[in-house]
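For reference, the structure is listed below as C-alpha cells.
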Amino acid sequence: MFYGGSLRKKSIASSTLYFTGASILARVGGVITQIVLGWVLLKEEYGLFAITLSIASVFTCMRNGGTDQIIVQRGREYINLAPRIATFSLMFNVLICVLFLALSENIATYYGEPKLTVLLIVLAFGYLFATPGPILIAKLSIQKDFREISIANLITILSKHFLTIMLALLGFGIFSLLVPLAMQPLIGAISAFYFVRSWPKFAKFNDVKILDILNNSIWVIASNFAFNLSNNVQYFILGSYFSSSVIGVYFFAVQIINSPIALINGTVKSIVFPSLSGLLDNSLKYKNAVLKSIIVSYSIGALIGIFGYLILPTLTDVIWKGKWNESIVFVRILCLIIPSGILVNTLYEILASAGFWKNRFYLLAASIVVEVCSIWMVIDYLSMPRVALNMFLFRNFFLMLVCFYAVEKVCGKFCYIDIGMLFIPFSLVSGMLLYFDVFYVDEMNLYAFYGLILLAVCFYILLLNRYMHVGKNLTTRFAKNA
C-alpha cells in the first residue's frame, strides 16, 4: 500500500536516529562553513545578509502556496493531488519572483543600502526552482522513507556548505552566502529525484481547483508568515536603528546557535509531522507519540543548550582570534533559548498533524508579540545586560503556555504536572547560569554549581534513554556484532 508503511519498522525513535546521524554530518559541514566565513567575511556583510533574509522571509511564506504540509497530511490522495499541487505551487513561486523583482529597488532605497537591490534579485530567481523538491520529499514522507529523506537533505545541505566555502575563498563576499541559498531548492530537487526516480506531473490550470487547495493552504501561508516574521522581525527593526556592523555581530551569534536548531527542527518537520498524521486513526498511539515527541525534543534541546553555554563562548574566542568576541554575550543568551526554539517548533508540527491550522496560526501570531518584546530587550541589552534574564523568562513562560495548550488541544485532558516537570531542571540551571553571568556574581560554590548542572544533564539523558531506547538499542547492536 502506497500510504503509510509499517509503523513498527519505521517508528519515530528509529527514524530520529537516521536523521541524527545525517544531522551530525551536516552540523560538521555547518561548523566548517561558519569558521571559514568568520575568517573571510566582514561584519557589515553579515549585517546586509541578515537584512536580506528578513525581507525574503515576508515572501518565503508564500513559497509553494503553503502546500508542503498539506500534501503530506492528505497522503492518501497523493496520486490525484500531487499534479494539482505542482501547478498550484508553481503559480505562487512565479508570483514571489515577480514581487521580488518589482520591489527590490524600493526596499534598497528604504534601508539606504544600494547593494540590497542585487542581493534581492539573486534570491528572487531561486524561487523559480522551488516547486519539485518539496513534492518529491512529501512522497518519501508519506511512504515513511525517512532514511532516504535524511540522505537527500544531507546531500542538499553539504552541497550548499561546499559551494558557500568555495565562493567565499574565491572572494565573492556576501554573494557566497546568497548564491548557494538561491540554488538550494534546485539541489534539493535533484537529490530527492535520485530516490523517487520521477518528476512531479503538472495538472492543467482548469483542473487545479484552486479554492479547494487554498481553503487549507491559506492558513499554512498565514502560519508561515507569522513564523518567519517572528524569527526575522528583529532585523527589520535593528536595520532601522543600528549600523550593518552591529547587526552583523548579532546575526553572527544567531548563526552559531541556529545551526543545531535548524537541523533538529528539520528532523522534527520531516519525521514528527508525517508520523503523527499517520496515527490519527489510533488515538492512544497518537497521544503516546505526541508526549514522546515533546519529551525527546525538549531533552535534546536542554542538553545542547547547557553544553553550548559552557563551551561555545570559549570556542568563539579561540577559533576567530577575538574577531567576534562582541558576539559572545549574545551566544550565551541564545544557547539557553535553544530548548524553547526546538520544542515550540515541535508543538506547531503537532497541531498541524491534527489539522489545527487556524490554532497553529494564532499561536504563531502570539509568538510575534513575544518576539517584539524580545527585540526591545535585545536593543536595551546592547547597553544593559541585566535585561537578559527578562528575555529568558519571557520566552520560556510563553513556551509552557503553548505546550499546555497544544497538548490539551490534540490529546484532550492530561496531567499538567507530568509536562511541567520536564521544564524544571533546565529552568533552574539556565536561570542560575544567566543570574551569575549577567549580574557578574563571582562568589559561588563551584562544586555545587556544576553538580547541579550534572544532575540536569543526567535527568535529560535518562529521559532520552527511556523514550528513545538509545541504551537498549546500542547494547543490542553491540551484542549482535560481538
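The values are calculated or read from the model by the stated rules, or taken from the named source; none is laboratory data. What you see is a predicted model; the values in this text were computed from it and never measured. No Cβ is skipped: glycine too gets one built from the backbone with ideal geometry, and neighbour counts run over all protein chains shown.
Pairs linking a residue in the range 355-366 that is at pLDDT below 80 to a residue that is surrounded by fewer than 18 Cβ atoms within 10 Å (Cβ to Cβ), with Cβ atoms under 7 Å and 6 or more positions apart or on different chains, are Trp357/Asn216.
Residue-by-condition table, conditions (1) over 23 Å from Ile155 (Cβ atoms); (2) assigned to a helix (DSSP H, G or I); (3) modelled with pLDDT of 80 or more:
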position	(1), (2), (3)
Met1	yes, no, no
Ser14	no, yes, no
Ala22	no, yes, no
Thr33	no, yes, yes
Ile51	yes, yes, yes
Ile55	yes, yes, yes
Asn93	no, yes, yes
Leu99	yes, yes, yes
Leu116	yes, yes, yes
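Picking from residues in the range 302-331 that are touching a Phe, Trp or Tyr at 6+ places or on another chain (Cβ under 6 Å) and under 21 Å from Leu428 (Cβ atoms), the one that is surrounded by the fewest Cβ atoms within 10 Å (Cβ to Cβ) is Leu303.
Table: residues versus (1) touching a residue at least 60 places away in the same chain (Cβ under 8 Å); (2) assigned to a helix (DSSP H, G or I); (3) more than 20 Å from Leu177 (Cβ to Cβ).
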| site | (1), (2), (3) |
| --- | --- |
| Asn224 | yes, yes, yes |
| Asn231 | yes, yes, no |
| Tyr235 | yes, yes, no |
| Ile256 | yes, yes, no |
| Phe273 | yes, yes, yes |
| Leu284 | no, yes, yes |
| Ser299 | yes, yes, yes |
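If you go through the range 127-177 and keep only what is of a type in the set (Lys, Arg) and over 18 Å from Thr67 (Cα atoms), you end up with Lys144, Arg147, Lys160. Phe172 falls short on exactly one of the conditions (1) among the aromatic types (Phe, Trp, Tyr); (2) assigned to a loop (DSSP other than H, G, I, E, B); (3) in contact (Cβ under 8 Å) with a residue 24 or more places away in the chain, and that condition is (3). Taking residues in the range 198-219 that are at pLDDT below 80, and partners anywhere that are part of a helix (DSSP H, G or I) and basic (Lys, Arg), the pairs with Cβ atoms closer than 8 Å and at least 6 places apart or on different chains are Asp207/Arg84; Val208/Arg84; Lys209/Arg84; Ile213/Arg84; Trp219/Lys358; Trp219/Arg360.
Table: residues versus (1) without any contact (Cβ under 8 Å) to a residue 60 or more places away in the chain; (2) surrounded by fewer than 21 Cβ atoms within 10 Å (Cβ to Cβ); (3) not in a helix (DSSP H, G or I).
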| position | (1), (2), (3) |
| --- | --- |
| Leu120 | no, no, no |
| Ile137 | no, no, no |
| Leu158 | no, yes, no |
| Phe162 | no, yes, no |
| Met183 | yes, yes, no |
| Ile190 | yes, yes, no |
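Taken as a whole, the condition of being crowded, with 20+ Cβ neighbours inside 10 Å, among the small types (Gly, Ala, Ser) and within 27 Å of Phe125 (Cβ to Cβ) does not apply to Ala22. For Glu443, the conditions (1) among the acidic types (Asp, Glu); (2) surrounded by 11 or more Cβ atoms within 10 Å (Cβ to Cβ); (3) modelled with pLDDT under 75 all hold with the exception of (2).
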